[in-house]
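Step one of this worksheet: look at the structure below.
Just so it is clear, none of the values below were taken in a lab; they were calculated from the coordinates. Worth saying up front: this structure is predicted, and the values here are computed from it rather than measured. Ideal geometry is used to build each Cβ from the backbone, glycine not excepted, and the neighbour counts take in all protein chains shown.
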Amino acid sequence: MELQTTGVGEEKEAHLPKDFELHQNYPNPFNGQTQISFFVSKNANEDVSLTIYNTLGQPIRHLLNGQKLTGETVQVWDGRDNSGKEVGSGIYLYELRVGNQRSVKKAVLIK
């Protein structure tokens, strides 16, 4: 299990287990496609989902849905929704779920 330093306390550092980490997409802003990378600890042993949302909170693209993954993973989003249509310029949120935990970051698409 990965450990994360929190810096809590003046003299001691607390370490909390870190089951996963979502990284900022690259490039951001993007035109055409972007890469979303994340790390899932081998100890997580949970289903992994990666979903793109519009600013209304509506899911527009499922890049991963309930798969078991470990280690470093890179997913490419081509700026399209689940039906294959190109989405418009704007701000999108991408969410990584590992079991019942989640992390969200922002991506900007400019055409």
query = At q = 0.23 Å⁻¹, what is the log10 ratio I(q)/I(0) for region 59-101, with the Debye formula run over Cα points and no solvent?
reply = -0.95
Within region 68-83, backbone nitrogen closer than 18 Å to the virtual label 7 Å beyond the Cα of HIS23 toward Cβ = 69-78
